[in-house]
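The values are calculated or read from the model by the stated rules, or taken from the named source; none is laboratory data. The model shown is predicted, which means the values in this text are computed figures rather than measured ones. All Cβ positions, even for glycine, are placed from backbone atoms using ideal geometry, and neighbour counts span all protein chains on display. These area figures cover heavy atoms from the full protein model, side chains too; ligands, DNA and RNA do not enter into them. Shrake-Rupley method; radii C 1.70, N 1.55, O 1.52, S 1.80 Å.
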Amino acid sequence: MALSPSWDAWLSENLLRGVPEEALVRALAAGGVAAEEARAEVSLARRHPAVVAGGSRTTLGPEVVSLLDVRSALHAQSRRTVERRRGVSPEEFQARYYRAHRPVVLEDFLEGWPLLERWRPAALARDYGDVEVEVMAGREARADHDVSPDACRTVMRLGDFLHRLEHGGPSNDLYLTARNFALERPELQGLWEDLRPAPGFVYPTRQPGSLKLWVGPAGTRTALHHDVDSVLFCQVHGRKRFWLVPSYETPRLYNREHVWSPVDAAAPDLERYPDFARAHVHEVVVGPGEMLFIPVGWWHQVLALDVSVSLTFQSLDVPGGNARWHTFG
């Protein structure tokens, strides 16, 4: 029995990745293909002209992947985890984390910022409840809501939105995200007054599009992806759990669509994505007042553990500007 087009594509991709053939046979068998048929399909796919041509045309590919594997092995030998620090100066942050391409949680980053009180859901509802905002709704009905978000856009009063978060229980259905550009709205410009200068981390003057707001219930999820520049992720209210994978392990992430990976880092399907078994996954929880530095290209998956208010800075105050990854997906 011939394989479905999706299984054919999966088999070809993993052969080109160098996944051992026996692992592919086991995955096919787990998917309902008889063992002998699975072996025959693997053998047939390995000889397919497209797979042969694909392997021969990736002249530089194996060398690049091998170099990244070395970097991953060094990372494993260092036994590094995501550090949690306090009292980090801008100079140390830039040298030890930004330029070294290492994530870190700065536990005291937002200390003294008025937003820790003024951006709590009850305070936002009191001060800005009548403002109409765009949010993402109906996300649970669409598996592609992260990749194709436009169908989820809707407008509602901020007060009504926050009431649903507080009383609706855990959900991934309703979320105000960076794509909704809430902080661009004239009616919410007062929120900018609750920030405090952080020279050496972010620019002291307002940069268009540099600050993004995220507000949602417990249970909101963002699939595994990477950003194209480094990000300071600040948690204002509630907690979020992050799964982080180093940028140099991108070949293990099955990245087919721009910055997104189909792998669930919290519960990976290693039969379907066997190469992910070699990835180093770091797990960290970020709480109120804390900032997680996510280096450019580091993969991350996010789950809100509570009703959550977060913001992200992308205009970093570093020499030469925030280094950018130019993707071609």
Seminar exercise, completed: Flagged pairs (Cβ under 9 angstrom, 6 or more apart or on separate chains; first in the range 123-144, touching a residue at least 12 places away in the same chain (Cβ under 8 Å) and closer than 25 Å to Gly190 by Cα; second part of a loop (DSSP other than H, G, I, E, B) and open to solvent by 40 Å² or more (accessible area, probe 1.4 Å)) are Val131/Arg185; Glu132/Arg185; Val133/Arg185; Glu134/Phe181; Glu134/Arg185; Met136/Asp173
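Which ones in the range 294-304 are within 19 Å of Gly168 (Cα to Cα) and surrounded by 22 or more Cβ atoms within 10 Å (Cβ to Cβ)? Walk me through it before giving the result.
To start, the set of residues in the range 294-304 that are within 19 Å of Gly168 (Cα to Cα) comprises 303-304.
Once the filter is applied, which keeps residues that are within 19 Å of Gly168 (Cα to Cα) and surrounded by 22 or more Cβ atoms within 10 Å (Cβ to Cβ), the range 294-304 yields only Ala304.
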Problem set entry | Those residues of the range 113-143 which are within 14 Å of Pro288 (Cβ to Cβ) and open to solvent by 90 Å² or more (accessible area, probe 1.4 Å), in sequence order | Glu117, Arg118, Arg120
For this session: Could you check how many residues of the range 183-204 are under 21 Å from Tyr98 (Cα atoms), open to solvent by less than 30 Å² (accessible area, probe 1.4 Å) and of a type outside the set (Phe, Trp, Tyr)?
Result: 3
Seminar exercise, completed: In the range 253-286, anything within 15 Å of the chain's Cα centre (by Cα) and not in a loop (DSSP other than H, G, I, E, B) is listed as Glu257, Trp260, His282, Glu283, Val284, Val285, Val286
Exercise. Considering the range 146-172 alone, what residues qualify as being within 12 Å of Ala218 (Cβ to Cβ), open to solvent by less than 80 Å² (accessible area, probe 1.4 Å) and not in a helix (DSSP H, G or I)?
Worked result: Gly168, Gly169, Ser171, Asn172
Problem set entry | Matching residues, the range 218-269, being closer than 30 Å to Leu124 by Cβ and of a type in the set (Lys, Arg) | Arg221, Arg239, Lys240, Arg241
Problem set entry | the range 208-232, residues that are under 19 Å from Ala304 (Cα atoms), open to solvent by 10 Å² or more (accessible area, probe 1.4 Å) and among the small types (Gly, Ala, Ser) | Ala218, Gly219, Ala223
Problem set entry | Members of the range 24-36 that are assigned to a helix (DSSP H, G or I) and crowded, with 16+ Cβ neighbours inside 10 Å | Leu24, Val25, Ala27, Leu28, Ala29
Problem set entry | Selected residue (criterion: modelled with the lowest pLDDT) from residues of the range 130-145 that are over 16 Å from Ser261 (Cβ atoms) and in a loop (DSSP other than H, G, I, E, B) | Arg142
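Based on this model, can you work out whether His226 counts as under 26 Å from Arg99 (Cα atoms) and touching a residue at least 40 places away in the same chain (Cβ under 8 Å)? It would help to see each step written out before you state the result.
Numbers: under 26 Å from Arg99 (Cα atoms): yes; touching a residue at least 40 places away in the same chain (Cβ under 8 Å): yes.
Taking the combined requirement at face value, the residue satisfies it.
Quick grid of which residues meet (1) crowded, with 19+ Cβ neighbours inside 10 Å; (2) on the phi < 0 side of the Ramachandran plot:
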residue: Gly238; (1), (2): yes, no
residue: Asn255; (1), (2): yes, yes
residue: Ser261; (1), (2): yes, yes
residue: Leu270; (1), (2): no, yes
residue: Val286; (1), (2): yes, yes
residue: Leu292; (1), (2): yes, yes
residue: Asp306; (1), (2): no, yes
residue: Ser310; (1), (2): yes, yes
residue: Phe313; (1), (2): yes, yes
For this session: Within the range 278-295, identify whether any single residue is without any contact (Cβ under 8 Å) to a residue 40 or more places away in the chain and touching a Phe, Trp or Tyr at 6+ places or on another chain (Cβ under 8 Å), and answer yes or no.
Result: yes
